[in-house]
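Everything on this sheet refers to the single structure shown next.
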Amino acid sequence: MRAGHQGTGPGAITPDGCAVELYSRLSAGDEPDIIAAAVPAGARILELGSGVGRMTHPLLERGFTVTAVDESAEMLERVRGARTIRSTIEDLDLGERFDVVMLASFLVHTGDLQERQARLSTCARHVAEDGCVLIQREGEDYHMNIPRERVDPSGFTVRIVSSEPVGDGVNSVHAEYEFPDATWTQTFQTRPLTKEQFEEALAEAGLRVDKYLTEDRIWVRAVPAS
Ligand SMILES: C[S@@+](CC[C@H](N)C(=O)[O-])C[C@H]1O[C@@H](n2cnc3c(N)ncnc32)[C@H](O)[C@@H]1O
């Protein structure tokens with residue numbers, strides 16, 4: 001388990017505390033449409049931290065080619081129709097470049113600064129000169145109004161129970177997913193980033209914001225800086 005990360009509930013749990021069975025149950029929502037609208041049709045996508053393929057599968061259905069990367073073999077076993085690679089994001093070096101590199105699921109918010117820069121360097125190392133990097137950030141109000149909960153129309157409740165500072169600008173977040181037949185929890189460490197801090201981190205990796213794709217600035221399209 002990664003330091004500061006923990007998960008509980010039925011089935012396999014990844015080193016960052018995610019439950020494989022939980023992610024198999026979650027639907028993709030509007031995220032594949034946001035991605036499809038931001039990149040060229042038929043693009044070759046490198047998806048970092050793909051999990052079970054919650055976004056991979058709808059992207060394949062939309063005609064993209066996806067290479068799915070995750071450190072969890074149990075997650076990757078559930079990915080269908082995509083090339084899969086088991087690796088940490090930080091260590092990935094495929095010697096290939098892609099039209100699109102995706103770093104979703106707030107993975108840019110890791111509390112470890114070196115790890116964050118290694119993740120962004122992986123994005124920069126794998127994106128084509130005329131390609132783009134799609135990043136999903138936390139909403140700027142992510143750590144406000146806690147505790148809060150949302151009842152999903154499909155019948156489960158997701159609750160952000162707490163977000164407590166643990167030093168050096170890092171918070172420990174505790175989340176619960178309650179289904180009629182099972183409950184999963186995840187505790188993880190995350191470093192909130194202002195727009196300015198986020199853009200500085202990109203610049204350090206040789207990337208710059210091309211466009212904030214959503215009004216809440218959660219989805220971002222970045223491009224190589226030079
Ligand atoms: C919150 S889940 C999200 C999965 C998928 N992106 C989705 O939206 O359904 C995060 C995934 O990233 C993977 N992951 C987290 N940190 C990673 C790292 N440093 N290297 C590779 N995979 C990582 C986990 O194993 C997990 O499958």
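Tell me the accessible surface of MET144 in square angstrom (1.4 angstrom probe, heavy atoms of protein chains only), to the nearest ten.
Around 110 Å² of this residue is reachable by solvent.
What number comes out for accessible area per residue over the chain if the probe is 1.4 Å? Units Å², please.
Per residue, the chain has an accessible area of 47 Å².
With all protein chains present, how much of the accessible area of the chain (probe radius 1.4 Å) comes from carbon and sulfur, to the nearest whole percent?
Of the solvent-accessible surface of the chain, carbon and sulfur hold 47 percent.
So which GluC sites (Glu not before Pro) in the range 80-178 pass both tests, a DSSP loop state and at most 11 other Cβ atoms within 10 Å of the Cβ?
Within the range 80-178, the qualifying GluC sites (Glu not before Pro) (loop, at most 11 other Cβ atoms within 10 Å) are GLU96.
In debye, nearest 20: dipole of the range 36-162 around its Cα centre with unit charges on the Cβ of K, R (+) and D, E (-)?
Around 340 debye, computed over the range 36-162.
Quick check: residue separation of ARG25 and LEU113 times 0.36 nm, minus the Cα distance between them. What number comes out in nm?
Full-extension gain reported as 28.5 nm.
Hey, what number do you get for the chain at 222 nm if only DSSP H runs of n ≥ 4 count, each worth -39500 (n - 2.57), divided across all residues, to the nearest 500?
One gets -5500 deg cm²/dmol as the mean residue ellipticity at 222 nm.
Using Cα-Cα distances under 8 Å and only pairs 6 or more residues apart, what relative contact order does the range 42-201 have, in percent?
16
Rg and Dmax of the range 128-174, using alpha carbons, in Å: what are they?
Taking only Cα atoms of the range 128-174, I get Rg and Dmax of 15.5, 44 Å.
How big is the C-alpha Rg of the chain next to the rule-of-thumb value 2.2 N^0.38 Å, as a ratio?
0.97
The values are calculated or read from the model by the stated rules, or taken from the named source; none is laboratory data. This one's a predicted model, so the numbers in the text were calculated from it and none came from an experiment. When we count neighbours, we look across all protein chains shown, and the Cβ atoms used for this are built from the backbone with ideal geometry, even at glycine. For the accessible areas, the whole protein counts, side chains as well, though only heavy atoms, and no ligand, DNA or RNA atoms are used. Shrake-Rupley method; radii C 1.70, N 1.55, O 1.52, S 1.80 Å.
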